[in-house]
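Here is the structure we will look at, set down as structure tokens.
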Amino acid sequence: MPPSHSSVLLRRNRVVEIRRSETLFEVSHVYAAADDLGRALHRVLEMLERHHDALKATFVFRDPDGDELRIEAGIGITADGMRARYKVGEGIIGRVVQSAKPIVVPDVSHEPLFLHRAARRRSLEGRTISFVCVPILLGRNAIGALGVELELQQDRDYEELVRFLEIVASMTAQAVRAERFAESERRRLLDENTHLRLELKERYELSNLVGNSGPMRQVYEQVAQVAKTNTTVLVRGESGTGKELIAHAIHYNSDRARKPFIKVSCAALPASLIESELFGHEKGAFTGAQGRKKGRFELADGGTLFLDEIGDLDVATQVTLLRVLQEREFERVGGTETVKVNVRLIAATNKDLEQAIADRTFREDLYYRLNVFSIFVPALRERKTDIMLLADFFLSKYSREHRKSIKRIATPAIDMLVSYHWPGNVRELENTIERAVLVCDGNVIHGHHLPPTLQTAEASGTVVAITLADAVAKLEKDLIQDALKSARGNRARAARLLGSTERVINYKIRKYGVDCRRFRR
Ligand SMILES: Nc1ncnc2c1ncn2[C@@H]1O[C@H](COP(=O)(O)OP(=O)(O)OP(=O)(O)O)[C@@H](O)[C@H]1O
Ligand SMILES: [Mg+2]
């Protein structure tokens with residue numbers, strides 16, 4: 001007996017049902033494994049085409065910040081069709097997105113709302129086409145739609161089809177949500193990263209290290225070498241060369257950059273206070289110690305402790321400091337609890353530590369502890385090419401600060417700046433330029449805006465920096481030496497040559513410390 005029409009239908013529906021569950025299972029897999037959402041969308045549409053009679057299928061998404069809809073993935077449509085655009089509310093798809101409700105059009109040829117924008121790849125002449133469109137919902141809002149065209153079949157259960165497509169759409173919504181989250185997270189991290197780097201750079205720039213002379217470049221190289229390590233650094237150099245700036249640069253170029261940079265000026269603190277400053281104290285440790293106080297070592301935990309003027313530390317404190325450096329732990333003054341800290345140490349001094357060791361004012365063992373990596377900051381006179389860079393830098397800094405519009409430094413003034421020996425180094429140059437900016441009333445710095453110390457005879461062509469008495473003495477000494485030379489060291493003859501007496505000449509020889517034996521050949 002041939003199977004009845006209804007039993008055929010039942011079996012067919014059963015097959016469709018199984019196929020749909022298989023597809024849903026696969027779709028969830030595709031989305032879970034996807035690292036490219038676009039490709040995953042396409043694969044899902046392929047499944048609809050292969051197993052669910054779709055002649056044409058599209059995923060349409062709404063622009064995040066507009067009311068335009070664009071096709072993200074499509075199957076069964078031409079390349080041109082892929083570029084079709086819809087507006088929310090326009091056509092069937094536009095209405096599905098707007099209302100967030102599915103629409104079924106049994107015969108698109110009788111539906112004036114059907115726009116035929118995304119042209120089909122194949123001509124389906126003679127066939128009646130149905131269109132089923134379901135919204136892709138995130139919360140209550142539709143972020144897009146899934147549209148499928150199929151051949152009209154009278155016995156197709158469109159309600160069941162819509163339910164199936166709605167599940168596909170809901171899985172799609174989750175995949176989109178995950179991707180958007182990942183994308184925004186990625187962007188957030190990227191932004192944060194850029195921001196952090198900028199901040200660090202600004203901080204480093206805040207330290208404003210100007211100068212590109214050979215010796216300074218060597219210093220920058222050393223900073224770069226040592227910054228990322230935890231090595232103790234000893235920064236040496238004359239006063240005003242920029243040791244503190246170097247210490248900053250090391251800190252802000254290290255992994256500790258976001259942790260504190262704590263400075264202790266060893267010279268500014270009386271010996272009686274320095275231990276409690278460095279290590280803190282417990283309540284009542286000494287008169288006036290009213291509460292427990294954290295020392296600079298503890299405050300710097302995780303970051304950098306900068307011990308400035310280390311050469312001025314008194315010997316007793318040197319002993320304690322040495323112990324901390326060896327064991328990385330200490331007790332607060334008046335306390336018994338041992339405190340452990342993770343601190344990177346940078347020390348600076350303009351003292352001759354080797355001489356201090358010889359004089360027994362600086363402990364040799366501490367010296368070796370600190371002198372792991374030394375950076376010598378060269379004196380300004382040893383890097384003359386930096387003078388003008390620094391001068392220009394300070395000129396614009398102080399012009400801005402004092403609201404002046406000074407544009408440049410005149411050539412004679414430049415010569416004075418460059419030929420001066422700058423015993424006070426960059427700090428002295430900085431003060432000189434600030435002073436010049438203050439006294440300058442035009443927009444050019446001239447020689448007379450610079451302090452008297454820079455007004456040498458060669459620069460101004462006037463002043464002789466020597467007293468009359470000194471000049472006369474120098475001349476006298478030269479004349480006596482010349483006479484002694486001619487007289488081969490014979491004082492009586494030299495006196496005659498000079499038209500003077502032997503007694504006077506003898507007196508002057510003693511006064512000027514002239515060695516007569518040198519002239520006896
Ligand atoms: N390379 C540089 N670029 C710009 N400014 C600098 C530079 N070097 C030093 N300065 C400036 O010069 C001044 C002195 O620098 P700093 O305090 O770092 O010197 P120092 O070596 O620690 O001196 P001291 O031994 O007297 O403490 C600061 O105002 C600093 O900003
Ligand atoms: Mg200093």
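Distance between the C-alpha centres of segment 327-406 and segment 9-36: 71 Å, rounded to the whole angstrom.
Taking a straight line from the alpha carbon of Lys477, these lysines sit under 28 Å away, with near neighbours fewer than eight places off in the same chain left out: Lys485, Lys508, Lys511.
Computed about the Cα centre, the dipole magnitude for segment 98-183 is approximately 360 debye when only Lys and Arg (+1) and Asp and Glu (-1) carry charge, each at its Cβ. When peptides 499-511, 247-259 are ranked by their average number of other Cβ atoms within 10 Å per residue, the highest-first order is 247-259, 499-511.
Under a model in which nothing but the beta-carbon of Lys, Arg (+1) and Asp, Glu (-1) is charged, the chain shows a dipole of about 2480 debye around its Cα centre. Computed about the Cα centre, the dipole magnitude for segment 330-478 is approximately 620 debye when only Lys and Arg (+1) and Asp and Glu (-1) carry charge, each at its Cβ. The tail of the calculated P(r) for segment 372-521 beyond 19 Å holds 65 percent of all Cα-Cα pairs. Cross-link partners of Lys56 among lysines, defined as those whose alpha carbon lies under 21 angstrom from its own and excluding same-chain residues fewer than eight positions apart: Lys87, Lys101. Among the listed pairs Lys259/Lys384; Lys243/Lys294; Lys228/Lys384, which are separated by more than 32 Å between their Cα atoms? Listed pairs above 32 Å: Lys259/Lys384. Estimated from helices alone, the mean residue ellipticity of the chain at 222 nm is -15500 deg cm²/dmol (sum of -39500 (n - 2.57) over DSSP H runs with n ≥ 4, per residue). Under a cut-off of 16 Å between alpha-carbon atoms, report the lysines in cross-link reach of Lys397, not counting same-chain residues fewer than 8 places apart. In chain and number order, the partners are Lys407.
Using the 2.2 N^0.38 Å rule of thumb for compact globular proteins, work out how the chain stacks up: its C-alpha Rg over that value, please. Against the compact-globule rule of thumb, the ratio is 1.86.
With the Cα gyration tensor of segment 74-133 giving a ≥ b ≥ c as the square roots of its eigenvalues, does the rule (a/c under 1.5 for rounded; else a/b larger than b/c for prolate; else oblate) give rounded, prolate or oblate?
The shape class here is oblate.
Of the beta bridges in the chain, as assigned by DSSP with both residues counted there, near 65 percent are antiparallel. One Cα centroid belongs to segment 435-453, the other to segment 243-322; the line between them spans 40 Å. Averaging the Cα positions of each part gives two centres, and for segment 476-521 and segment 123-184 these lie 118 Å apart.
Quick note: the coordinates plus some simple rules give every number you see, no bench work behind them. Because the structure is predicted, anything quoted here is derived from the model rather than measured. Here Cβ is always computed from backbone atoms with ideal geometry, including for glycine, and neighbour counts include all displayed protein chains.
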